[in-house]
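The values are calculated or read from the model by the stated rules, or taken from the named source; none is laboratory data. Worth saying up front: this structure is predicted, and the values here are computed from it rather than measured. We place every Cβ from the backbone using ideal geometry, glycine too, and count neighbours over all the protein chains shown. These accessible areas exclude ligands, DNA and RNA; they are computed on the full protein's heavy atoms, side chains included. Shrake-Rupley method; radii C 1.70, N 1.55, O 1.52, S 1.80 Å.
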Amino acid sequence: MSTHTVTDYVEDVSPGSGALPPRAWYASSDAKSLSLNGNWRFRLSPTADAEDDSFAEEGYDAGDWAQIAVPGHWVLQDHGSPIYTNHLYPFPVDPPRVPTENPTGDHLRVFDLPQDWPSDGGAVLRFDGVESCARVWLNGTDLGEFKGSRLPHEFAVGHLLKTADNVLAVRVHQWSAGSYLEDQDQWWLPGIFRDVTLLHRPAGAALDFFVHASYDHRAGTGTLRVDSDVDGRVTVSELGIDLATGESVTVPVEPWSAETPRLYEGTLATEGERVPLRIGFRTVELADGLIKVNGRPVLFKGVNRHEWHPERGRALDLATMREDVLLMKRHNVNAVRTSHYPPHPAFLDLCDEFGLWVIDECDLETHGFTEQGWRDNPVDDDRWTPALLDRASRMVERDKNHPSVVIWSLGNEAGTGRGLTAMAEWIRGRDSSRPLHYEGDHGCRDTDMYSRMYADHAEVERIGRGLDGGTLKRRRLPFVLCEYAHAMGNGPGGLADYQRLFESYDRLQGAFVWEWIDHGIAHPELGYAYGGDFGEELHDGNFVCDGLLFPDRRPSPGLLEYKKVIEPVGITGDAGDGTVRITNKQDFAGLSALAFSWSYEVEGEPVESGTLSVPALAPGESADVKLPAPPAGAPAGEALWTVRAVLAADTPWAPKDHLVAWGQVPASQRCLPTVAATARPVPGDGMISLGPGIFDARTGALTAIGDVPVLGLRLDVWRATTDNDDGAPWQSDLRYGLLWRGLGLHRMRHRLDAVETGERTLTVRTRVAPAARELGLSTVYRWTSDGDRLRLTVCTTPEGDWTVPLPRLGIRFGLSTADRVRWFGGGPGEAYPDTRMASTVGSWQSTVDDLQTPYVRPQENGARIDVRWAELGGLRIEGDPAFWLTARRWTTEQLDAATHRTDLAPGTAVWVNLDHRQHGVGSQSCGPGPLPRYHLRAAPAEFSFVFSTAPAPETG
Ligand code: GAL
């Protein structure tokens with residue numbers, strides 16, 4: 001055979017040949033199936049044609065081949081390496097041609113049919129996902145080949161099956177014409193990464209069917225009709241339904257929504273099999289310029305979900321999918337965009353069951369064509385249209401029976417063109433019951449909603465007000481931010497400000513955080529690897545780690561912030577009138593699933609608590625609820641009310657008492673610490689003492705407080721820049737991380753101008769400035785004491801032309817020992833000026849190690865906000881005003897230099913930062929920077945700390 005013939009299909013724009021038409025994905029109740037997942041024989045070749053296809057023949061001896069787990073990616077199983085690019089194609093752009101170096105994995109599996117496998121009927125071989133192009137043989141017969149990595153493909157194989165020793169051979173090419181359509185921002189991971197299943201198809205089996213289950217919110221009725229390729233009967237015993245396929249019936253039902261995911265179990269019985277149905281009655285429509293479900297506009301509080309597992313890549317098991325859904329529900333997320341391809345079909349079953357709105361997105365992205373001004377973009381080239389239509393139909397046919405899927409998305413970042421229009425037309429023709437989404441179409445030619453990504457707050461507000469212009473069609477459409485709040489590293493900042501807009505303007509129907517999980521790859525030396533760690537020629541570094549979950553699925557502070565910002569119940573108030581305002585922010589459900597309680601806390605310690613009775617509130621309604629009188633005899637100190645809404649009973653996604661929403665209301669003001677300046681500075685041998693403070697007489701540097709040695713206390717303005725500080729190369733906004741470094745804020749010098757001892761003060765005058773610049777900060781440290789406690793007041797005055805904000809402003813110092821930390825203030829996790837909603841004022845404790853947030857690429861992290869006082873390393877520190885606390889076992893410079901967590905080795909000291917202010921975080925790693933109100937402007941500032949030695953336990 002000629003090599004040319006063998007590999008033609010790889011570079012062919014067609015979607016493939018030989019596969020069956022797409023259809024609904026379901027598991028039969030009675031027809032047998034055989035999972036072919038497991039260990040397969042595997043051989044990797046460097047090119048598509050390096051080996052002939054004799055391995056597919058019966059009797060081929062693959063005994064010396066490697067073994068590989070299916071589902072799986074060979075590059076994550078020690079054969080070759082993953083490649084990460086955001087939008088650049090990792091091969092020359094010459095569609096549909098692909099490189100000669102085209103890693104090709106031959107997969108071989110020999111299987112017997114189970115004893116009870118029926119001898120009658122047919123059989124279908126199903127592949128749920130193979131990247132990027134596969135050719136399939138069974139028992140030496142060539143079944144065909146296909147592209148469309150995250151889409152199912154089935155082949156009729158009944159006539160080829162034997163009871164034993166069936167030889168299934170699959171040749172998988174990493175690169176194919178299909179790769180041009182799959183330029184999503186993610187790792188390139190070839191392989192058979194989803195299930196392979198053999199399905200018995202009895203005579204008279206169901207083929208494809210379409211469940212139409214609408215809900216009439218006025219009448220409270222559902223209408224059911226199941227169209228089926230093979231006639232049969234549909235029964236839903238709970239509803240007393242028993243009707244023929246193709247016929248419809250209308251009965252009173254409870255509707256399905258993400259908040260109330262009511263499913264009815266039913267059966268489709270054809271002559272040859274019974275298929276379980278899970279029916280959710282709901283109607284999605286575009287009415288009054290809004291996306292409405294069951295007659296009510298919905299607000300999406302969403303996430304973009306790529307499939308990811310740090311060891312298995314996109315080969316997810318059911319437990320991981322379930323964990324994703326549970327984590328979403330537990331963090332108040334109500335919507336998922338399946339960026340940027342249809343997920344494993346079992347994920348959608350979970351969304352039906354637990355309740356999540358789904359934007360199901362087609363496996364299509366051609367982003368790399370932006371590099372050439374979108375010239376030759378396959379979506380605007382008729383030769384590719386069959387492939388696009390194939391992708392659209394494989395998604396819609398597979399997923400059409402899921403009530404959770406409320407919107408179809410044509411794909412992502414593929415420009416615009418005739419192919420997309422053709423997809424839209426096809427989808428509308430096949431399923432008119434769901435609106436269409438596509439972000440790249442700003443004129444909304446093919447879509448039913450105006451969708452954007454990373455628009456800043458001001459623009460979103462203009463859109464909300466309808467002042468954004470655009471085509472006539474677009475002006476009448478609802479708006480979704482299909483991506484926002486780029487969750488890369490520390491951040492995203494500004495979530496609460498966006499949410500206020502979404503809740504203020506009807507047209508803004510919510511948004512989807514980019515993205516759900518960091519795609520870090522577990523790595524023996526690096527902890528988690530990211531782009532470039534596998535020696536890629538082109539890569540986009542840690543831009544692949546931009547999720548709300550760390551790679552191991554631990555929630556990042558960003559997810560906790562999001563949970564608070566999108567809570568389904570608003571709890572707000574101020575001390576004044578002794579009431580809290582409770583708002584039901586849901587779209588469908590009342591509050592009956594929740595139990596409310598109050599707790600009265602003094603200095604963060606609960607004094608008394610009780611239940612709070614909240615009236616039944618319909619969606620959108622609010623009530624002012626009276627708090628009890630403050631408990632008599634409560635201890636003195638700063639007091640506040642915490643009101644919580646928890647689950648009143650176990651739910652499928654979280655147990656009773658799971659915290660859903662909360663709010664805090666101050667009950668009294670904090671008394672700021674005062675220190676009477678009564679102690680006098682006493683000169684000694686090369687030192688000066690002032691109360692418990694010991695200072696170097698020449699430099700004025702604090703060396704100890706009581707018996708606690710203190711290292712290098714001084715002003716600090718630098719933070720290890722975050723991904724959001726650094727911004728992305730294409731950002732047009734000012735990228736402060738770069739500007740700060742350019743100015744030299746990471747290498748400030750401290751010039752000593754004077755050490756002055758006064759009657760009752762020690763004053764140290766300095767100027768803090770970087771080499772090569774005229775700007776600086778005149779900084780004065782003023783120390784006083786009452787004999788027991790030591791007060792430091794820092795006064796800074798910017799000098800010169802400060803055109804940039806400061807990263808941080810505060811002091812830092814080292815302690816020789818510190819392990820446990822206690823504080824009264826914001827916690828338990830980190831917070832920054834624009835990521836502080838989840839921070840709860842309370843009395844907290846942690847170890848220094850646990851204060852660290854494990855961002856995959858190390859960067860500023862771990863600050864606790866609003867700290868009134870803290871104890872660590874034998875010191876007690878009170879703030880006037882409250883401060884930000886950070887403590888770590890490495891310096892900021894070491895943190896800044898690290899590229900992976902494994903670069904961070906604990907030193908001998910614990911470095912403590914006490915900040916007066918921090919600059920906001922924003923989400924400029926792809927979106928807007930922090931809003932101006934979160935900037936830390938260089939301006940005169942004064943702040944104080946009171947130090948004393950603390951009885952803090954240093955053990956355990
Ligand atoms: C968007 C894109 C996503 C991802 C994100 C940045 O442009 O749709 O796939 O690349 O930016 O992380």
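Annotation: S451 fulfils all but one of (1) within 14 Å of the ligand (Cβ to nearest atom); (2) of a type in the set (S, T, N, Q); (3) touching a helix residue (DSSP H, G or I) at 6+ places or on another chain (Cβ under 8 Å); the unmet one is (3). Give just the number: which of (1) in a helix (DSSP H, G or I); (2) closer than 26 Å to Q509 by Cβ; (3) within 16 Å of the ligand (Cβ to nearest atom) does E371 not satisfy? Looking at each condition in turn, E371 falls short on (2).
Checking each residue of segment 561-578 against the condition of being within 16 Å of the ligand (Cβ to nearest atom) and open to solvent by less than 20 Å² (accessible area, probe 1.4 Å) gives no match. Listed by position, the strands (runs of 3 or more DSSP E) inside segment 570-619 whose residues that are assigned by TED's automatic domain parsing to the domain that holds V643 and under 32 Å from the mean Cα position of the chain (by Cα) number at least 3 are 579-584, 594-602. Within segment 89-144, the set of residues being without any contact (Cβ under 8 Å) to a residue 12 or more places away in the chain and under 23 Å from S14 (Cβ atoms) comprises P92, D94. Of the residues making up segment 663-698, those that are touching a residue at least 60 places away in the same chain (Cβ under 8 Å) and of a type in the set (A, V, I, L, M, F, W, C) are V665, A667, L672, V675, A676, A677, A679, I688, L690, F695. When you look at T421, is it within 16 Å of the ligand (Cβ to nearest atom) and within 30 Å of W730 (Cβ to Cβ), yes or no? Answer is no for this residue. What do you reckon, is R375 within 25 Å of H153 (Cα to Cα) and either within 28 Å of the chain's Cα centre (by Cα) or surrounded by fewer than 18 Cβ atoms within 10 Å (Cβ to Cβ) (or both)? When the stated conditions are applied, R375 does not pass them. Of the residues making up segment 409-447, those that are under 29 Å from the mean Cα position of the chain (by Cα) and among the β-branched types (V, I, T) are T416, I427, T447.
For segment 39-70, a residue qualifies if it is surrounded by fewer than 14 Cβ atoms within 10 Å (Cβ to Cβ) and either part of a helix (DSSP H, G or I) or under 30 Å from the mean Cα position of the chain (by Cα) (or both), and exactly one does: S54. Confirm whether F479 is crowded, with 23+ Cβ neighbours inside 10 Å, more than 16 Å from the ligand (Cβ to nearest atom) and either among the small types (G, A, S) or modelled with pLDDT of 95 or more (or both). Yes, satisfied. Under the condition of being out of contact with any Asp or Glu (no Cβ under 6 Å at 6 or more places or on another chain) and either away from the ligand (no atom under 16 Å from the Cβ) or under 25 Å from R383 (Cβ atoms) (or both), the residues counted in segment 151-190 number 27.
If you scan segment 705-719, which residues turn out to be under 18 Å from A950 (Cα atoms) and either outside the structural domain of P940 (by TED's automatic domain parsing) or touching a Pro at 6+ places or on another chain (Cβ under 8 Å) (or both)?
I705, G706
Might you let me know whether segment 817-827 holds any residue that is modelled with pLDDT of 95 or more, outside any strand (DSSP E or B) and under 21 Å from T722 (Cβ atoms)? No: segment 817-827 contains no residue that is modelled with pLDDT of 95 or more, outside any strand (DSSP E or B) and under 21 Å from T722 (Cβ atoms). Here L138 meets the list (1) over 25 Å from P22 (Cβ atoms); (2) at pLDDT 95 or above almost entirely, failing just condition (1).
Criterion first (farther than 20 Å from V946 by Cβ, open to solvent by 10 Å² or more (accessible area, probe 1.4 Å), in contact (Cβ under 8 Å) with a residue 12 or more places away in the chain and touching a Gly at 6+ places or on another chain (Cβ under 7 Å)) does R773 satisfy it? Answer is yes for this residue.
Table: residues versus (1) in a strand (DSSP E or B); (2) of a type in the set (S, T, N, Q); (3) touching a helix residue (DSSP H, G or I) at 6+ places or on another chain (Cβ under 7 Å).
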| position | (1), (2), (3) |
| --- | --- |
| R150 | no, no, no |
| K162 | no, no, no |
| V170 | yes, no, no |
| G178 | no, no, no |
| R194 | no, no, no |
| T197 | yes, yes, no |
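Selection of segment 323-372 for residues being among the hydroxyl-bearing types (S, T, Y) and over 18 Å from the mean Cα position of the chain (by Cα) yields T366, T370.
Does any residue of segment 386-396 turn out to be aliphatic (A, V, I, L, M) and within 20 Å of A287 (Cα to Cα)? No - not one qualifying residue is present in segment 386-396.
Is it true that E311 is open to solvent by 10 Å² or more (accessible area, probe 1.4 Å), farther than 27 Å from L290 by Cα and part of a loop (DSSP other than H, G, I, E, B)? Yes.
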